[in-house]
1. Restricting attention to segment 176-194, does a residue exist that is of a type outside the set (S, T, Y), open to solvent by 50 Å² or more (accessible area, probe 1.4 Å) and at pLDDT 90 or above?
2. Can you pull out the residues in segment 103-149 that are part of a strand (DSSP E or B) and open to solvent by 10 Å² or more (accessible area, probe 1.4 Å)?
3. Quick check, is I240 open to solvent by 60 Å² or more (accessible area, probe 1.4 Å), β-branched (V, I, T) and outside any loop (DSSP other than H, G, I, E, B)?
4. Of everything in segment 416-431 that's open to solvent by 50 Å² or more (accessible area, probe 1.4 Å) and touching a residue at least 60 places away in the same chain (Cβ under 8 Å), which residue is farthest from the chain's Cα centre (by Cα)?
5. Out of the residues in segment 522-569 that are of a type in the set (F, W, Y) and over 21 Å from I587 (Cα atoms), state the one that is least open to solvent (accessible area, probe 1.4 Å).
6. Out of everything in segment 159-175 that is buried (at least 17 other Cβ atoms within 10 Å of the Cβ) and among the aliphatic types (A, V, I, L, M), what residue ends up being modelled with the lowest pLDDT?
7. Regarding segment 483-497, can at least one residue be identified that is hydroxyl-bearing (S, T, Y), touching a residue at least 40 places away in the same chain (Cβ under 8 Å) and over 20 Å from V294 (Cβ atoms)?
8. What number of residues within segment 328-359 satisfy the criterion of being assigned to a helix (DSSP H, G or I) and either under 21 Å from N27 (Cα atoms) or touching a residue at least 40 places away in the same chain (Cβ under 8 Å) (or both)?
Amino acid sequence: MSSCHDVNYGSGPGNPHKTILLMGNPNVGKSVFFTWMTGVDAISSNYPGTTVSYLEGKLTINNETYTLVDVPGVYALEASSEAEAVALKILAQGAAAIICVLDATNLTRNVKLALELQRYRVPTIYALNMMDVAQRHGTEINVKLLAQELGAPVIPTVAVKQQGFPELKAALEEVLAGRAPQGCACGCSECGCGAAAAEEISLWDRAAEITARVRKSKQEQKLSFLDRLGEWMIRPFPGIFISLSVMLLCLAVIVFGGKGLRAALLLPLVNQVIVPFLRTLFTSFVPEGMLLNVLVGEYGIFVISFEWILALVLPYVFLFYVVFSLLEDTGYLPRVSVMFDNLMRKIGLQGGSIISMMMGYGCAVPAIIGTRTATTRKERLMVTTAVCFAVPCISQSGALISLLGSHSMGLVAAIYLFSLFILVLVTVVTGKVLKGQLDPLIIEVPNLLMPNRKTYFKKLSIRMKHFLAEAEVPMLLAVFIAALLKETGLLDFIAVYFEPLVQGWLGMPREAVMALILGIVRREMAAAPLLALDLTPLQLFVGGTVALLYLPCLSVFGILSKEFGTFTAVVIALSTTLTAFLLGGMINHIGLLFI
């Protein structure tokens, strides 16, 4: 049985004699090794910053159960960053063995980390990963000589294809049994490795020396198409054209693909099969009255739960993860950061921030967690505030596309252009209000890769399972609340008190108060109830604006409180809500002047 959980920075693994550490630079494929060895569904991503806290999983070696710890990816063991500090804390507690994953395409830097690890005197094996990419680049590595230089087993691997994994596990068994050779090549006097003293030769020099011995490059090797494409993507031309084309293509797949799935498959399935079947079933044994209406009435639990969750949200969520997982696994996202760094700096951010913002289009929670990779607190707060204000999550996007697209795709384009305007405005304002500085962009651009089909589809299935597990309960709660409000008459009672705001200021029908109530639970529920109303184009856009900017959902409020404190969470929540009502009303009254 395998288990996995995030661990707080202050805690650490258990018994060091039963702990194995999985270590390496960022983007070397550690998460793929972790998933294979433990069977735990850890998501691997081909861009920096996915592992800030660490993961634990169980594995059995030589009939003994060990805890495998996926340590945050680090470039050095100097405690100059949060990830390095976590890695040092874990190392200080000791371990039975270390699996150090090396990137064969960036050998000097990776060997330098390997040399640092040797100072901790923990039995180590090295997984020399991305051997296929190194060969594609015309690089040959003498694996046996590298093992001699490092004084420990080195196993060539291709993680996404699981090549070398059985050999790696066999080597780990040898190490834990004490049968594998262990030496030192770090160049320090304490280790007694016979090399020059650390004060006479730096680890960088030693790493470069080892790399020069074991690596050979074929000068005549031509760059592959993927390598050339990867280089084009970070040049102003054709990089900007490629970036814009990719974004438009992704948007088209999500928007039009989602509408197609919804219209051709999900709506007929819900309206012609599922809902009629459930209505027939419940009316056969539930008498007419409030209970039957709550179950299968206009706002019945077993009606709108399928209409809103299955037919409204799910197609867009699925296609977003299809697209986003592909962008991650290819190594494309860091290239976007490089391309748009200059543009992002004009609004007060660095290019790396665009990754967190793009994550926000999936869900704001991982986007906010992802800001931990920012180098300053000011940048973290700026990106987080922008995501909470103007980046609709995929569930919210699905609701907005369904709501506005029912009239015209022009309204959909307008709401996203409006959200972009709000994002820029919020970023500029917070940049002036918050104190602090902005550091230059420092980001590793990984190799451009073709995703492994098995790994890709596993990640996609994991993400959909996580979405269903995390979003289903709040959405079902919103559906239950909607049914009770409608069928008990409470909606009409509450609408009286909201009439000045909803009808007077926003220009919406009184039934729209349902959207404001349900939006407290989940943001997309601020748009879903509007689908049942006969709204004018102006009312649709006003409703979309309020739904876009409305109160962050409960899970987002929780992560805001955890990361920045309750006061900051309350300020952001009140700011987004007040802005939603202010701009929604202004758009309504200005629009009425032109009607």
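The values are calculated or read from the model by the stated rules, or taken from the named source; none is laboratory data. Predicted, not measured: the structure shown is a model, and the values here were computed from it. Positions of Cβ are generated from backbone atoms using ideal geometry, with glycine treated the same way; all protein chains shown enter the neighbour counts. The area values use the complete protein model at the heavy-atom level, side chains included, leaving out ligands, DNA and RNA. Shrake-Rupley method; radii C 1.70, N 1.55, O 1.52, S 1.80 Å.
1. no
2. Taking segment 103-149 first, the residues part of a strand (DSSP E or B) are 103, 124-129, 139-141.
Scanning segment 103-149 gives T139, E140, I141.
3. On the way: open to solvent by 60 Å² or more (accessible area, probe 1.4 Å): yes; β-branched (V, I, T): yes; outside any loop (DSSP other than H, G, I, E, B): yes.
So I240 passes the test.
4. V428
5. So in segment 522-569, the residues of a type in the set (F, W, Y) come out as 541, 550, 557, 564, 567.
Keeping just the survivors that are over 21 Å from I587 (Cα atoms) gives 557, 564, 567.
Numbers: F557: 66, F564: 20, F567: 162 Å².
The residue in question is F564.
6. V160
7. Start the filter on segment 483-497 by keeping residues that are hydroxyl-bearing (S, T, Y), which leaves 488, 497.
Remaining after also requiring touching a residue at least 40 places away in the same chain (Cβ under 8 Å): 488.
From what is left, the residues that are over 20 Å from V294 (Cβ atoms) are none.
Within segment 483-497, none of the residues are hydroxyl-bearing (S, T, Y), touching a residue at least 40 places away in the same chain (Cβ under 8 Å) and over 20 Å from V294 (Cβ atoms).
8. Within segment 328-359, the subset assigned to a helix (DSSP H, G or I) is 328-330, 333-339, 341-345, 353-359.
Within this subset, residues satisfying the condition of being either under 21 Å from N27 (Cα atoms) or touching a residue at least 40 places away in the same chain (Cβ under 8 Å) (or both) are 328-330, 333-339, 341, 345, 353-359.
Of the residues in segment 328-359, 19 are assigned to a helix (DSSP H, G or I) and either under 21 Å from N27 (Cα atoms) or touching a residue at least 40 places away in the same chain (Cβ under 8 Å) (or both).
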